[in-house]
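Step one of this worksheet: look at the structure below.
Just so you know, all these numbers are worked out from the coordinates, no wet-lab data involved. Keep in mind the model is a prediction, meaning the values are calculated, not measured. Quick reminder, even Gly has a Cβ in these numbers, built from the backbone with ideal geometry, and neighbours come from all protein chains shown.
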Amino acid sequence: MEKEFDPKIVGFFCNWCTAAAADLAGTSRIQYPANVRPIRVMCSGSVDASYVIKALLEGADGVLIGGCHPNDCHYVNGNYKARRRVALLKSILTTLDLDPDRVWLRWISAAEGVRFAKVVRQMTEEIKEKGPNPMGKSTQT
Amino acid sequence: MAKKVKEFERHVVVLGGGAAGIAAALALNDLGFKVSLIEKQSHLLGTIGQLDKQFPNDACGFCQLRSRVEPGVSELCLRRDLGAEGLDIYNLSTLWNVEKLKGERLKLYFNQEPAYIKPRLCVRCRKCEDVCPVEVPDEFNLLGKRKAAYTRYPMAIPPTWVIDGENCTRCGECVKVCPTDCIDLEMQPREISLEADAVVIATGFSLIDPAYLTELGVRFPNVVTSLELERILSDMGPTQGELKRPSDGSEPKKVAFVFCAGSRDRLHPYCSTACCMYGAKEARMLGDKYPDTELTIFYMDRRGYGKPYYSYMEETLPDVRWIPCRPAKVEEDQDNNLIVHYESEDGKFHKEEFDLVTLVVGQEGRADDFANLFELETNEGFVKIEVGSEIGTANPKVFAIGSAGGPKDLPDSITEAQAAAGRIASLLGIPKTRNTPPKSVEPFPKVGVVFDPVGDDDGLDKDAIKTFFAEKGITTAFINYTETGKGLSELENFIKEKELDRLVVAGPAPNKAERLLKERVQELGWHPAQLEYLDFREPVLWGYEDASKFNEAALTLALAHAEKLRLLSFDSAEPVQPFGRALIVGAGAAGLWAARQFADVGVSVTLIEKTEQPGGQARKLSRTLEGFEPAPFLENLIKKVKKSKKIELLTNTTLDRIEGELGKFTAHLKRGEKELIRGAAIILFATGAQEYEPKKDEFGWGLEGVISERDFAGRISKGETDDLKSVVMIQCVGSRNEEHPYCSRVCCRRALANAIALKEANPKVEVTIIARDVMSWGLSELYYLKARELGVNFIRYEKDNPPTVSRRDGKLVVSVFDRLLDATVELSAGSVVLANGIVASTLPILYNDKPVSFDKFGFFAEVNPKFRPTELEVDGMFAAGLAKGPKRLTESLTEASAAVAKALVFLRAEKLAPKYYVARTNTRRCAFCGICIDACPNSARVMDDDLMSARVIEAICQGCGICASACPSQAAHLLTLESDQAFRMIDVMLAQTERGD
Ligand code: FES
């Protein structure tokens, strides 16, 4: 029987906002698809481009970077730096023939449990539509 | 003089767990005080918890209150938890008695209502709420219902559910389902008594109940209060952030805001201070989200009186229609639309339809209930503040901060909270901090994993988990460590028995748990980093909608974190011994006041002043609106400073440049031709500002009889104005325009003081104040009313149609367009008084060869205008007083005290301990390109010419890791997450998923 495609999404969530939003969603029982594997980072600005590329090369169907809203980064402007880096990264991904839309950067504050769930759901659905990451090892075998 | 005190020996009770109370508690706790934080409600945060974003930067900022990071890193966000050693929280507690003890100490008696839930046992599983049959109005989300078993908001502080005893029917359903038996419906109220060395009153305000404003249509469903709108716009609110009309759920297209609803009226004659700004903020949030919505604001004065407020209100809200009047009446039609009747300034009557009307409601004092217990007086329901202070009361050991002492906005409340900590420190003395020896983490670890189960129904297959990890050489255990007492020892035994030296703990959201665990393993001789906290319960067990994925997630996430720990090893740096001295630049009122407080706690100070004598602008000030005489205060202060052995006062001295870093600054000073060098742990800039000098002919400047407001005040006090027959005052001279797009904050109040003094001396004198908006916020509104009563005439003008001043036939003539009369009127005046604003006078300062940055107005820029009002971008540098922006004398003093509190955190440290949340540089790899220096948000990175490499100042580094990801040569790295660790985690996470199914 053909199994339904179940995307694997690696999440890099900043400790101050998005990781807290995940807690908030959980406590409030606002549920979301179980497709995100979170890694807590201190700031969205600390997510190295190589982490994202590595995740995609290892077969992640998507990478979600979550940070604080503008003006709200615990480290003043880390999120702006993240934004610049992700923009650059996306153009690199295009030249590498990787789909840039598999990488999402979203601002989700510690007060936004609903938004956290919405973003995860939306991303999971869109990645489902895209299908598995062609770089993924699972599909290579 | 400094007394020797021990850590947590002195006890301060903070009444009120809202923003101000929390800020005060944290600031005091950082200074080594034992703090008891008392809250009347079930949970902390007060009104601010209901706001997702606050002005002036439209952000949350709840993680900014405390800059120290380890070890309970996630507790720093107030949306998660609040905890620290030496900080006790009492909820549901009401003060009922105060007793005076010997030595000015106070004994406070509280009555603590039962929560009917034993807080230590509650695992926040929410089962009690699910079965509770009682529904009552929700006081947090406002437009909905809550149960009797509830939490005020999710992730509340303290992190437990409570039962509302008043509404509970004692049906006992919750008792049956509680998995930890933590509910006790027989619980009795408890009596608490606390002895305090000082008390901070931070009881805040009650929101004005607009029920009496019947003419504004309060009873109509689509007339909401500003707080209700705040919840409607909130992601976690009743409509999940979608703008919907309460009557029919439709999206309103035309929204009106009515400012001053319930303020500046007969019942509340004062101005509620914060509403103009937060009303504007709501308009902005709404406009950003729904750009097609038409926004109208009915207002009385646009009181955006602080440094960034003017541009916030008037420049960045372009699509709002501002109508300067209070609507006469609001009616409803059959579709629940609202008809607003109002009279425009030209006297015409209008009727206009809106879909939604928001009443921007203000603050009501609550001090009448308890002030008498402290033998304090009140003023309009707020604690009466001593003349000459913003926070002092008639009892020198009792401070009233935030809205307890009068309607306040958030930035001022936080400044006052930190100032109270500074004042209390200088009254009671502070302890030196203990020294933590540096620790390194050796490689080749033995790793264990502990899961904290939520109950038997958590969906985890314990055997499968055990086998899986055993195959990987990792021992696992299931320990409920949150359980009182025995849990933690069980965990400790597990570590000892299995001889572990790394541990992953997967459990509830890492609020207090993370700190407690890390403190515990430190007792075993571990470095806190050897324990990795995996946030598992909330985001996975409660967040994942597919329970069949729990097990797989447990395996993957725990293994990823265990692998991360396997790769952990580092050497800790040596601690830095800071200089025991503070440098204060500028000996105006703020600088002098700060110097004195530092000296009080035994800190040595070098205070430099570029002019010949100390005192600054304050020397030119006359009696304030409240009756404070600056002159004797200043004289006394200067005397004390000059006498203090701790303070080195250097006049005729300027600052040439600064080198070094927090704890170890070197300042190069110039005194005449001589260069002086001083080492300092921190630097406080109190360099003041200047009065605006109008251009020639600007509002008649230069004509005979045209005088500045400040000089005019001096003349009044000398009695030189007694024979004037008419005076015209013109406001906003050099303020709120293109050149100086901010309000100077002091001038309207000074105009009122002058006008009142003139009228009181001679009721016949004609006084006219021509102003754009009269900035008499808070209780100073009462003086505005008084001026009107005394017959002072007010005329409003707009920026683009200013009054003109000329001299005709030996007389001064002011012509101004009066919108009420719809005509230009001419006023002749014996004197024309110009409210010259305040402009920055900061000189360039070189720090490590780079200029220190200022804000767009030329004042010192705070890192965070709300929560860190005195801290500058460079750690260890602070600013206070006019140097940071226009403010009143007493506000400058308050800010100086706040800066002192923040600076003392470093000055009381014997050593600045090395950190683990820290970045490093691999010197061999460093290409010396300098990219990391720009990437660092904290000035923690410097170029080290000797090393030919970038270097991290560990005392400053906050461990964000931005430098590491910016570094092109992988020289910059982060101890908490090295790239090999991140790669390994990614590997595990992606490999493991195949196994799970
Ligand atoms: S801390 Fe959240 S994005 Fe920087």
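Here are the numbers:
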read-out: P(r) histogram, all alpha-carbon pairs of the stretch B:773-911 included - 10 Å bins from 0, percent; value: 9, 25, 25, 19, 14, 6, 1, 0
read-out: Cβ charges +1 (Lys, Arg) and -1 (Asp, Glu), total dipole of the protein assembly as shown, debye; value: 3320 debye
read-out: Cα-based shape type of the stretch B:503-613, given that a ≥ b ≥ c are square roots of the gyration tensor eigenvalues and the cut on a/c is 1.5; value: prolate
read-out: Gain upon complete extension [B:E523, B:C171; 0.36 nm per residue less C-alpha separation]; value: 122.2 nm
read-out: Peptide A:44-57, shielding by other chains (average Cβ, 10 Å cutoff); value: 5
read-out: The stretch A:29-140 shape via C-alpha gyration tensor axes, a/c threshold 1.5; value: oblate
read-out: The stretch B:207-364: C-alpha gyration tensor shape, a/c 1.5 cut-off, then a/b vs b/c; value: rounded
read-out: Relative packing of peptides B:122-135, B:866-879 - highest average C-beta neighbours within 10 Å first; value: B:866-879, B:122-135
read-out: Ellipsoid equivalent to the stretch B:76-144 - semi-axes via the Cα gyration tensor, in Å; value: 32, 18, 14
read-out: Helix-derived mean residue ellipticity, 222 nm - over chain B, DSSP H n ≥ 4, -39500 (n - 2.57), to 500; value: -7000 deg cm²/dmol
read-out: Reciprocal of mean inverse Cα separation for the protein assembly as shown (Kirkwood radius, Å); value: 31.5 Å
read-out: The stretch B:114-188: equivalent-ellipsoid semi-axes (sqrt of 5 x gyration tensor eigenvalues, Cα, Å); value: 18, 14, 11
read-out: Using a Förster distance of 30 Å, the FRET efficiency for B:E191-B:K432 (Cβ separation, nearest 0.05); value: 0.25
read-out: Protection proxy ranking of B:225-236, B:339-350, B:32-43 - average other beta-carbon atoms within 10 Å, highest first; value: B:32-43, B:225-236, B:339-350
read-out: Under 5 Å, built H, 5+ apart or other chain: amide partners of A:I39; value: A:G11, A:F12, A:F13
read-out: Dimensionless Rg/Rh of the stretch B:441-569 - Kirkwood Rh, Rg from C-alpha atoms; value: 0.94
read-out: Chain B: DSSP helices with Cα axial extent of at least 15 Å and average Kyte-Doolittle hydropathy no lower than -1.0; value: B:19-30, B:275-289, B:410-428, B:486-497, B:550-566, B:589-600, B:630-643, B:747-761, B:889-907, B:979-996
read-out: Ranked by how many other beta carbons lie within 10 Å on average, peptides A:113-121, B:281-289 from highest; value: A:113-121, B:281-289
read-out: Cα-based convex hull volume of the stretch B:692-837 per residue, rounded to whole Å³; value: 107 Å³
read-out: Neighbouring partner chain Cβ atoms per residue of B:8-16, average, 10 Å criterion; value: 0
read-out: Equivalent ellipsoid semi-axes - Cα gyration tensor, chain B, angstrom; value: 50, 37, 27
read-out: Cut-off 20 Å, label 7 Å out along Cα→Cβ of B:D800, residues of the stretch B:724-744 by amide N; value: B:732-742
read-out: Using a Förster distance of 51 Å, the FRET efficiency for B:S440-B:Q112 (Cβ separation, nearest 0.05); value: 0.65
read-out: Pairwise FRET efficiency - B:S717 versus B:D822, Cβ, R0 = 41 Å, nearest 0.05; value: 0.60
read-out: Inter-chain shielding of A:109-119 (mean C-beta neighbours from other protein chains, 10 Å cut-off); value: 6
read-out: Reach of B:K462 by Cα under 18 Å, taken over lysines that are not fewer than 8 positions away in the same chain; value: B:K472, B:K549
